[in-house]
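**Q** The structure is given below, and queries will be raised subsequently.
The values are calculated or read from the model by the stated rules, or taken from the named source; none is laboratory data. Remember, it's a predicted structure, so these values are computed and weren't measured experimentally. Here Cβ is always computed from backbone atoms with ideal geometry, including for glycine, and neighbour counts include all displayed protein chains. Ligands, DNA and RNA are excluded from the accessible area calculation, which covers all protein heavy atoms including side chains. Shrake-Rupley method; radii C 1.70, N 1.55, O 1.52, S 1.80 Å.
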Amino acid sequence: MVRVRFVEKNVTPSHVSDENERVSSGALRVFLGSAPGVGKTYRMLEEGNRRLARGTDVVIGFVDARGRRATLDEIGNLERIAGRGATGREMNVAALLRRRPDVVLVDDLAWRHEDSSHYPSRWDEVRTLLDAGIDVMATLDVAALESLSSAITNITGQVPTVTISDALIRSAEQLELVDVAPEALRRRLAHGNIYPVEMIDASISNYFRASNLAALRHLAMVWMAEYLETRLRADEDAQQSTSEWSARERIVVGVNGSASDDLLLSKSAALASRLRAEVIAVHVTAATKGHAVDLSDTRALVAAYGATLHEIADDDVATALVAMAQSEHATHVMVGASQRFPDSNYLGLAGQVLRKSRGLDVHVVSVASERPRPLRRRRKTHFTSRRRVSALVAAALGMPLITAAMSVLPSHAALSIVFPIYLAAVVGLTVWGGFVVGALGSLAAAFLENFYFIAPRHTFVIARAQDVAVLVAFLAFSLGVSVVVNAFARRSNEAERARAEAEILAIAAATVATSDDDLLPILDSLRAIFDLSRVELLTKVDNDWQSELSSGHVNQEASASIELQIDANHALRVSGNTLDAHDRSMLTAFLGRLSVGLQSQQMQREASSLHALAEADALRTSLLRAVSHDLRTPLATIEANVSTLLTHDVTWSPDEQRSFLSVIEAEVHRLTRLVANLLDAGRLEAGVVRSRLVYVEIDDLVASALETIDTLGRQLTIEIPDDLPSAFTDPDLYERVLANIISNACRFSPPESPVTIRAGADARYLDLLVIDRGPGVDLSMVDTMVAPFQRLGDEGSGAGLGLTVAAGFINVLGGSLRMENTPGGGLTVVVAIPMASAT
């Protein structure tokens, strides 16, 4: 197979130019499609008609309509210049140059002419027109792009015979992607709107697989995105644009040479995989500190994750990261946040990046800076260290301010107003910072009252006994209020926690635990409520407890674990915290729910077992019904013909006897196939089918298969190329596959319509197509068709094992069996086996 590569350099002697130089004055517009049939030609003709209606002189240099009605209709009033050569596929360039239209429409830009042609390729014809100042609109399949050649081969199994340089296509003034969904494209193929029915062979059928079309579509979109990005960058460089748009996503991740870089890079790589994005790692070195950070490990990680590393000197890390993201047109920034000081603003760098970024998605990754310490249940306080510190600061600032404000009051009214105000301040401090802060506030208030408001003022001496009593009463009352308010706050906190625990319990109680996946959330809820490091469900096996299901991790610093019995065969082991009586009472509710869940699992297993028995019984019933149906008819026919032959009062001629015996032979073959299919189905179900691979000829296998079946008088059209390579397969299994599929096609094909058997090969598969003109099927029913004892259209009568055995055997051979609608009506069954060499 000759592979032709078009380069930008013109190969004709009269048009020699530099490979990277474009001298044409005409404008080229290319309509790019992922596969034949997406509508490139139609879109080009549509644009040509639109320009013609606006007064532009448009002619057709070459269009391959392939008999498509819609394409022929779209040609309409467009003028066509007849082609040259025996096939007419060579453009009449001389006539076009004499005609000198404004625009020429050219189909199939990647076409190679015969050696006798004046222009070796379609591109040379187009280049001549462009050099003459004539605009050209052309179509091209993505499979013809040189850079995608290997990818196209891997997807379709077919090596492109003609490729064209990407630089030529990128140099076009306009490039338009014509797209259609793979499902719609396959419907076009089935309706005969892409190729005539007689042209659809094994290679075309294989090329138009849904998976292939989806991969080609994705490949075309990726290539187009890269092309647009290149154009965008070129425009930005030329115009010094500050546009923030980019065709490809980019992720900027901040690294600092520590162990957290691995986590950040792995998460950014995972995000990049989903977004098909680039990862740019950035390390910012403080410009004024001058000490270097060892980035050797980070560089190795960056290379392993396929990212790039940039080092920047800047004292403001957040500004440097945002500036880098903006310069690279990134859409995401990922930074780490340490929780070493959980009561402080641990966002740090992430918070600064959030404030500085505009139009960027900021991802904050929690980075552990030290070994996590186990938390103790029931010792958590509502008053955090940060809250206490802020309350103490408020007391230190607020008490002097309150004292200064009240110092202007007259002396006879001071104590009656001062004491309640100080008491209100103490209550507020207690609510804010807890008992300790409230008690300190009470002492501070007592000293301030004594010094500033009790005579003699500005001393700590108390002249009157009643003032001593009032001051002591104030101190006792304020401390008591602090105790009560603190207790109330704790009770409120516990009530809120109890409410949250009740919600978790309610969710756990509503869970229908029919599997381990249902039980695991219950264990997770239990671990979360009691702050446990690990919860395990134990099962007794041979008088030994074994872990069946667990949540959490083993914590070496955790206290000794305890085991709680659920039932005779199950127990619960918890570790991480000491549980008090209240905790154990709540845990009892969990144990009850776990017990119910385990019982549900047992009932589910019993139900599954009963369901399997019911299915086996239904299968047995179906088998008996199917076998009795398929046995009754041939046995009755055999019995009738044998009885007729044994009749003594009638003498049958040799031809009549031969006719009776032929009927008997056909029915015996029918019974033999039924028994063979039943045995094969049993072998497949038991998994004992083994293949014996040898080199065989496909035409020999088809001939052998036809000898074993009754074609019901249907005409067979066999199209097997002489140069088809040998198949490396199991001849017995493959023959059974073909026999069942061909027999099925003959059964449903109309008597006047032939059944076509067509074979072909590509780089990866050897395909055999069995094409009938029957009623066809809904492709959503394919799974039903290959199920045992199923037939479509006859209420399930008959064994219906032919396609089941065929699908099972072809799987054993490492191939595939797929069904497609025949263009024009009917069903096409494609049997594909991989091309392999004997080893």
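**Q** Roughly how many Å is it from the Cα centre of region 88-111 to that of region 465-480, as a whole number?
**A** Region 88-111 and region 465-480 have Cα centres separated by 109 Å.
**Q** Right, something else. Compute the distance from the alpha-carbon center of region 305-331 to that of region 141-192, in whole Å.
**A** Computed from Cα coordinates, the inter-centre distance equals 37 Å.
**Q** Work out the FRET efficiency for Ser171 and Ser366 from their Cβ-Cβ distance, taking R0 = 51 Å, and round it to the nearest 0.05.
**A** It comes to 0.55.
**Q** Expressed as a whole percentage, what fraction of the accessible surface of region 92-154 belongs to carbon and sulfur atoms when a 1.4 Å probe is rolled over the protein heavy atoms?
**A** C and S atoms contribute 45 percent here.
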